[in-house]
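Enquirer: The structure under discussion is supplied below as structure tokens; questions concerning it will follow.
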Amino acid sequence: MIPAPRKICVVTGTRAEYGLLFWLMKAIQGDPKLVLQLIVTGTHLDSRYGRTVEVIEADGFSPDAEIELPLEHPGAAMGKCLSGIADALQKLQPDIVVLLGDRYETFSAAAAATLVNIPIAHIHGGECTEGAIDDAFRHAITKMAHLHFTAAAEYQERVVQMGEAPERVFLVGAPGIDNIVNLNLLSAEELSDALKFNLGKSYFVLTIHPATAGAEEPEIATRALLAAIDKFNDSQIVITGVNADPGRDVVADLLNDYAKADTNRVLITPSLGQQRYLSAVKHAALVIGNSSSGLIEAPALNTPTVNIGSRQNGRLKADSVIDCPPRTEAISSAIEKALDPAFKIKAAEISPPYGAGGASNLILGGLKNVDLERVIPKVFFDMNKTN
């Protein structure tokens, strides 16, 4: 008797996360032994963030469930996300739920899958982001997950350190690198045409989100950043949208006002999409802000990064990443260093810490081949005992 195809349910709540899941979703969709199920929630369904569910549908995916959230109230959003995904999972009855990252929507999805006793496969566990509350969510998801696909050896070891059985923790690299390998990135001229914006001889890609842990004020950090880039007015600026973390509105308002004040120099957009975003990073003089893409994708594209503040503290960083506090003079100095021709040569020679691509295929193999009868219940792996 031929076994029924294994049902793999992917949950996505943000444009960035979806971009990292894209090639895995395509691989699941194209595998005759698997069935792709898709739950869409979070910013995908909100016009303030570009309503990117339409991008998902244009890419050939059909959501099996859409769960709208009151994003301006994170606590209420978590509760609605948990109950909505639990209801969807009861109907879909997947064999495995796939989750990526560390956001509160992802945590809620993990809790929902735990409630209905469905195995969880978690991507990008074991990492640290000390400047964001996501750090706690990520580690909590690890303890609910049954399969772990990590982006670096240090993260693989950390997941095992947290009591996860080594045979269930796989080193695959960062799925975001797959986009660089698989997509046909645009030339600078093609990108300028696609954006309908003159990129000039030099431009910065700017993405800044609120730092949600510690004493760093999002408004102060954003004002410091904008004051710093004002000193480099011979460079164009491409700004991508702010995520849905607490403090988002004040950051978004400052960025929107800055862009409106000089539309010839500054372009702001809720979402560029993966091809245009990575093309923009590839040809940029530098990436600036506090997004994880400055640590993962930018070094793989040999583009210098100015990483501001504490949001990404604890993550592995290539030598092409320049850390600086959220103060105008410090940011200006970091930009000058990143623009130095000698530093740009250094950035072009580094070895990225998150792999060279192929993560999605490795994850696919794990999802196909795992013996689900041995996944639940989990057993704590005690490193101090002989196993």
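Enquirer: Give the distance, in whole Å, between the Cα centre of region 155-215 and the Cα centre of region 46-124.
Expert: For region 155-215 versus region 46-124, the Cα centre distance is 21 Å.
Enquirer: Which length gain, in nm to one decimal place, applies between A194 and K385 when the Cα-Cα distance is subtracted from 0.36 nm times their residue separation?
Expert: 63.0 nm
Enquirer: What chymotrypsin sites (Phe, Trp or Tyr not before Pro) in region 310-387 are in a loop by DSSP, with at most 14 other Cβ atoms within 10 Å of the Cβ?
Expert: For chymotrypsin sites (Phe, Trp or Tyr not before Pro) across region 310-387 that sit outside H, G, I, E and B with at most 14 neighbouring Cβ atoms in 10 Å, the list reads F380.
Enquirer: Continuing with the same structure: To the nearest 10 degrees, how steep is helix 218-230 against the longest Cα principal axis of the chain, on a 0 to 90 scale?
Expert: The angle comes out at about 40 degrees.
Enquirer: Over the chain, what relative contact order in percent results from Cα pairs under 8 Å that are six or more residues apart?
Expert: 17 percent
Enquirer: List, in order, the whole-Hz ³J(HN,Hα) value for each residue of region 99-107 obtained from phi through the Karplus relation with A = 6.51, B = -1.76, C = 1.60 and θ = phi - 60°; use x for Gly and Pro.
Expert: 10, 10, x, 8, 7, 5, 5, 5, 4
Enquirer: Right, here's the next one. Would you mind checking the pairs K26/K317; K231/K317; K7/K33; K7/K80; K26/K91 and listing those with alpha carbons more than 19 angstrom apart?
Expert: Exceeds cut-off: K26/K317; K231/K317; K7/K80; K26/K91.
Enquirer: Using a 10 angstrom cutoff on alpha carbons, build the Gaussian network for the chain and name the most mobile of E68, E157, E167.
Expert: In this elastic network of the chain, the residue with the biggest mean-square fluctuation among E68, E157, E167 is E167.
Enquirer: Work through the residues other than E72 whose Cβ is under 15 Å from its Cβ and net out their charges, Lys, Arg +1 and Asp, Glu -1.
Expert: -3
Enquirer: Let me ask another. What does the charge add up to near D102, with Lys and Arg as +1, Asp and Glu as -1, over the other residues with Cβ less than 15 Å from its Cβ?
Expert: Around D102, the charge tally is -1.
Enquirer: Moving on to the next point. Going highest first, how would you order 359-366, 221-228 by mean Cβ packing within 10 Å?
Expert: 221-228, 359-366
Enquirer: Say a paramagnetic label sat at a point 7 Å from the Cα of R48, along Cα to Cβ; which residues of region 96-122 have their backbone N under 17 Å from it?
Expert: Only 104-105 fall inside the zone, counting backbone N under 17 Å.
Enquirer: Classify region 184-349 as rounded, prolate or oblate from the Cα gyration tensor: take a ≥ b ≥ c as the square roots of its eigenvalues, call it rounded if a/c is under 1.5, otherwise prolate when a/b beats b/c and oblate if not.
Expert: rounded
Enquirer: Using a Gaussian network model on the chain with a 10 Å cutoff between Cα atoms, which of D46, D319, D234 fluctuates the most?
Expert: D234
Enquirer: Which whole-angstrom value gives the distance between the alpha carbon centres of region 12-32 and region 296-341?
Expert: 28 Å
Enquirer: While we're on this one: Quickly rank 173-182, 113-122, 290-299 as a protection proxy: mean count of other C-beta atoms within 10 Å, highest first.
Expert: Going by the mean number of other Cβ atoms within 10 Å, highest first, we get 290-299, 173-182, 113-122.
Enquirer: Using the alpha-carbon atoms, what tilt in degrees (0 to 90, nearest 10) does helix 134-144 show relative to the longest principal axis of the chain?
Expert: In the chain, helix 134-144 runs at an angle near 10 degrees to the longest axis.
Enquirer: Report, to the nearest 10°, how far helix 74-92 tilts away from the longest principal axis of the Cα atoms in the chain, using its own Cα long axis and a range of 0 to 90°.
Expert: In the chain, helix 74-92 runs at an angle near 40 degrees to the longest axis.
Enquirer: Given a cut-off of under 8 Å on Cα pairs at least six residues apart, what relative contact order in percent is computed for region 223-379?
Expert: 19 percent
Enquirer: When the chain is treated as a GNM, springs tying every alpha-carbon pair under 10 Å, which of V98, V35, V321 comes out with the largest mean-square fluctuation?
Expert: Comparing V98, V35, V321 in the GNM, the peak value goes to V35.
Enquirer: Quick one: 3J(HN,Hα) in Hz for region 148-156, Karplus 6.51/-1.76/1.60 with θ = phi - 60°, rounded, Gly and Pro as x.
Expert: For region 148-156, the Karplus curve yields 10, 10, 9, 9, 7, 4, 4, 6, 4 Hz.
Enquirer: Is it possible to state the helix-based mean residue ellipticity at 222 nm for the chain, with each DSSP H run of 4+ residues giving -39500 (n - 2.57), the sum divided by total residues, to the nearest 500 deg cm²/dmol? What is it?
Expert: Value at 222 nm, helices only, nearest 500: -12500 deg cm²/dmol.
Quick note: the coordinates plus some simple rules give every number you see, no bench work behind them. Bear in mind the structure is a predicted one, so any value in this text is a computation, not a measurement. All Cβ positions, even for glycine, are placed from backbone atoms using ideal geometry, and neighbour counts span all protein chains on display.
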